[in-house]
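One structure is given here, and the rest of the page talks about it.
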Amino acid sequence: MHNRTKAPTTTIIVHPRSKRRAAEDEGYGERSRLDEARGLAAAIDLGVIHAESVNIAKPNPATYLGEGTVERLAEFIKENKVELAVVDGHLSPGQQRNLEKAWNAKVIDRTGLILEIFGERARTREGQLQVELAHLTYQKSRLVRSWTHLERQRGGFGFLGGPGETQIEIDRRLIGERITRLKKELETVTRTRGLHREARRRIPYPIVALVGYTNAGKSTLFNMLTKSNVVAMDQLFATLDPTMRQLKLPSGRTVILSDTVGFVSDLPHELVAAFRATLEEVLEADVIVHVRDIVHPESEAQKHDVEDVLRQLGIEADGQRPVIEALNKIDLLGDEEATGLVTSASRTEDQVALSAVTGEGMEEFLDLVDEELARQRKALDVTVPLEDGETIAWLYRRGEVLSRKDGETEAHFSVLLDAADTARLEKRGLVLRRAAE
């Protein structure tokens, strides 16, 4: 069997700029939106030969883009033998179909492109099932017979290469049956993942999750922090994802550091469930670290996009789940600007300026995580039957025991515990009360 590397799909990118779209893109420069679309295309190795922004007074109901733009690009596509056109917006099935006819090329929109990326990148079984479900739901109304010759067998989920069929004539009935099977399988997988989450909660370490916009430097920070702390795989961590590592904080406390998938702006609503499946550690995290590319011209807009996605996932920076901002890439700033940023961040309780490349600011970052975890702990008086050795051992593992007095049948503890562990104790029906300040 010959394994020939295929040439990248010849691609153009069109970013529509309507008044409504401009409002959505507020805070982003035109060039940045175009660059981001290029980056998304590069993530699945498309051969982008041209990218441009086009202004539209209002979306054309038939083609989204204006007639003049459609005709001009049709000539370019024909002359350059373009195979794929990415429209960096949200096309209706009819608009997509009409553009494909006008351009004689495959057309996908932003949702299709991101789904394709997720199809290649999803690591967990649950994530893969969620992405396929999102793909089929999206694809159900977009079956176009004209493009079967582009459905080459490759990875991903079929917008660029198809799920393996030689024809795209998968009718709605078959898709509906597949969706039903996927939902049933998801129920089983989700239950299994739930058991894994329960096992993970029993690990006596807090979870610190790194989140951030794509290319903000999360993985670089993760590698910088864990390169001397990577632990050998043992049975306890057999179910943990490869992007979770033990990390020792200055206080001596051990935490689990988790790297996550990069966020993107305008996340398609079809993908929120799939995205959630890839962010399991964030949903379980004791502290969330929002890594920001502080030198990016649209750093503030990216920050708001990340916060919007976190809100979609049900995560708010409300004190219950603290968020630390890591202002990354200060090594790319001038000395004076970097010093000013470091000074400004040091005056806050939830910001730290650092460089994941040079290591500058790492000590301050780890101190801040330590302080945040300590801040979450409250002093409680807990009464435990002496015969309940499991709970007593658990208190020593999970909390910081300040004092212990043993009676005839009960042990009385004063212990520092975080909110989540306090709730776990309450479920056991133990006697708890807030210790006197």
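Residues of segment 333-366 that are in a helix (DSSP H, G or I) and within 20 Å of S219 (Cα to Cα): M362, E363, E364, F365, L366.
For segment 112-122, the criterion of being out of contact with any helix residue (DSSP H, G or I) (no Cβ under 8 Å at 6 or more places or on another chain), farther than 30 Å from L186 by Cα and assigned to a helix (DSSP H, G or I) is met by no residue.
V131 - would you say it is surrounded by 19 or more Cβ atoms within 10 Å (Cβ to Cβ), in contact with a Lys or Arg (Cβ under 9 Å, 6 or more places away or on another chain) and under 22 Å from A7 (Cα atoms)?
No: the conditions fail for V131.
Scanning segment 329-378 for residues that are closer than 30 Å to L395 by Cα and among the basic types (K, R) yields R375, R377, K378. Take L395 and decide whether it is in contact with a strand residue (DSSP E or B) (Cβ under 7 Å, 6 or more places away or on another chain), among the hydrophobic types (A, V, I, L, M, F, W, C) and under 26 Å from I288 (Cα atoms). Yes: the conditions hold for L395.
For segment 379-418, give me each residue that is basic (K, R) and closer than 15 Å to L430 by Cβ.
In the first step, residues of segment 379-418 are kept if they are basic (K, R); the result is 397-398, 404-405.
The answer is R398, R404.
May I ask you to verify whether R347 is touching a Gly at 6+ places or on another chain (Cβ under 9 Å), in the same structural domain as V208 (by TED's automatic domain parsing) and either touching a residue at least 24 places away in the same chain (Cβ under 8 Å) or of a type in the set (D, E, K, R) (or both)? Considered against the rule, which asks whether it is touching a Gly at 6+ places or on another chain (Cβ under 9 Å), in the same structural domain as V208 (by TED's automatic domain parsing) and either touching a residue at least 24 places away in the same chain (Cβ under 8 Å) or of a type in the set (D, E, K, R) (or both), R347 comes out as no. Residues of segment 159-176 include none that is among the hydrophobic types (A, V, I, L, M, F, W, C), at pLDDT 60 or above and in the same structural domain as H290 (by TED's automatic domain parsing).
Do the conditions hold for G361, that is, is it farther than 21 Å from Y205 by Cβ, out of contact with any strand residue (DSSP E or B) (no Cβ under 7 Å at 6 or more places or on another chain) and not aromatic (F, W, Y)? When the stated conditions are applied, G361 does not pass them.
Given segment 4-104, what helices (runs of 4 or more DSSP H) lie entirely inside it while holding 2 or more residues that are surrounded by fewer than 17 Cβ atoms within 10 Å (Cβ to Cβ), modelled with pLDDT of 95 or more and of a type outside the set (A, V, I, L, M, F, W, C)?
Those helices (runs of 4 or more DSSP H) span 67-79.
The values are calculated or read from the model by the stated rules, or taken from the named source; none is laboratory data. Just so it is clear, the model here is predicted, and its values are computed rather than measured. Backbone-built Cβ (ideal geometry, glycine too); neighbour counts: all protein chains shown.
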